[in-house]
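Note sheet for the following structure.
The values are calculated or read from the model by the stated rules, or taken from the named source; none is laboratory data. The structure presented is a predicted model; accordingly, all values stated were derived computationally and were not measured. Here the Cβ is made from the backbone with ideal geometry for all residues, glycine too, and neighbour counts use every protein chain on show. These area figures cover heavy atoms from the full protein model, side chains too; ligands, DNA and RNA do not enter into them. Shrake-Rupley method; radii C 1.70, N 1.55, O 1.52, S 1.80 Å.
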Amino acid sequence: MLSTFPRQLLASIALSALAAGCGTADKLANVGQQPALNAIQDPTTTPGYRPVQMPMPDPVQAHYNPNSLWQSGSRAFFKDQRASQVGDILTVVVTINDEAEFENDTARSRTETSGAGVGGAVGTAIDTIFMPAGAAASDLANVNSNSNFTGSGSVEREETLQTTVAAVVTQVLPNGNMVIEGRQEVRVNFEVRELIVAGIVRPEDITSNNRIASEQIAEARIGYGGRGQITDVQQPRVGNQVLDILLPF
């Protein structure tokens with residue numbers, strides 16, 4: 001009779017093999033062909049898409065001053081060509097240049113010595129009756145303790161990414177802020193590089209040439225990766241990934 005853990009292990013391996021088999025069949029069908037690009041589609045129809053909901057102030061109705069062409073709250077007198085409504089496009093300048101270095105050293109040391117004994121007439125009597133030759137009651141108990149601990153750790157990380165991607169306004173929030181999402185796919189030599197940018201931007205942060213920097217995007221989600229032959233070689237096999245998760249040692 002198999003125990004619970006081996007049965008779970010065999011079931012997981014079987015499911016992984018089945019999934020790997022489906023993926024292998026797809027790869028075999030595309031041998032010698034370039035990775036296919038995803039079709040352009042409405043981001044709001046993709047699985048997992050959820051409209052953004054944030055705390056908003058009370059809406060204020062726009063009004064015009066008497067004998068004036070200026071609308072309260074307008075950013076310019078003439079028509080603003082920057083992205084402002086659903087479906088508009090703006091350019092996101094992605095700049096990531098992170099560098100972090102941490103180093104910690106910890107040292108601890110403790111030494112303790114304790115002793116107990118009996119002196120005087122009582123000590124002399126104990127020495128005579130109970131203590132063996134060469135021992136004294138003044139040294140009945142001696143305790144020595146010594147503890148040392150040393151620890152060190154360091155972290156060094158450096159990431160650099162600079163590129164641009166066009167994003168589409170998918171939602172305009174009640175306070176005027178806009179939710180954007182942009183995807184870019186580039187295929188080079190049987191390898192597809194993907195760049196995804198999403199987040200919330202303020203109209204005031206969009207420059208006159210309809211651009212915005214990535215550090216000005218709130219709730220920013222930036223993903224950069226790829227798929228293809230090079231990515232497949234860099235990833236461990238499915239069986240190795242399953243064993244790494246299930247094996248406790």
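Of all residues in segment 159-199, those satisfying the criterion of being more than 15 Å from Gln85 (Cβ to Cβ), surrounded by 16 or more Cβ atoms within 10 Å (Cβ to Cβ) and aliphatic (A, V, I, L, M) are Val165, Val192, Leu195, Ile196, Val197, Ala198.
Of the residues examined, Ala14 is one that is assigned to a helix (DSSP H, G or I) and at pLDDT below 65.
If you take the residues of segment 204-216 that are in contact with a helix residue (DSSP H, G or I) (Cβ under 7 Å, 6 or more places away or on another chain) and closer than 19 Å to Gly87 by Cα, which of them is least open to solvent (accessible area, probe 1.4 Å)? Top of the filtered list is Ile212.
Checked against the criterion of being open to solvent by less than 100 Å² (accessible area, probe 1.4 Å), at pLDDT below 80 and not in a loop (DSSP other than H, G, I, E, B), segment 90-105 has at least one qualifying residue. Gln81 meets all of the listed conditions (1) at pLDDT 75 or above; (2) outside any loop (DSSP other than H, G, I, E, B) but one, namely (2). The residues of segment 195-216 that are farther than 21 Å from Pro55 by Cα, in a strand (DSSP E or B) and within 18 Å of the chain's Cα centre (by Cα), listed by number, are Leu195, Ile196, Val197. Residues of segment 217-249 that are of a type in the set (D, E, K, R), at pLDDT 80 or above and either open to solvent by less than 100 Å² (accessible area, probe 1.4 Å) or assigned to a helix (DSSP H, G or I) (or both): Arg227 alone.
Considering each residue of segment 39-62, count those that are open to solvent by less than 100 Å² (accessible area, probe 1.4 Å) and either assigned to a loop (DSSP other than H, G, I, E, B) or at pLDDT below 75 (or both), and give that number.
Quick first cut of segment 39-62, residues open to solvent by less than 100 Å² (accessible area, probe 1.4 Å) only: 39, 42-46, 48-49, 51-52, 54, 56-57, 62.
Still in the list and also either assigned to a loop (DSSP other than H, G, I, E, B) or at pLDDT below 75 (or both): 39, 42, 46, 48-49, 51-52, 54, 56-57, 62.
Residues in segment 39-62 being open to solvent by less than 100 Å² (accessible area, probe 1.4 Å) and either assigned to a loop (DSSP other than H, G, I, E, B) or at pLDDT below 75 (or both): 11 in total.
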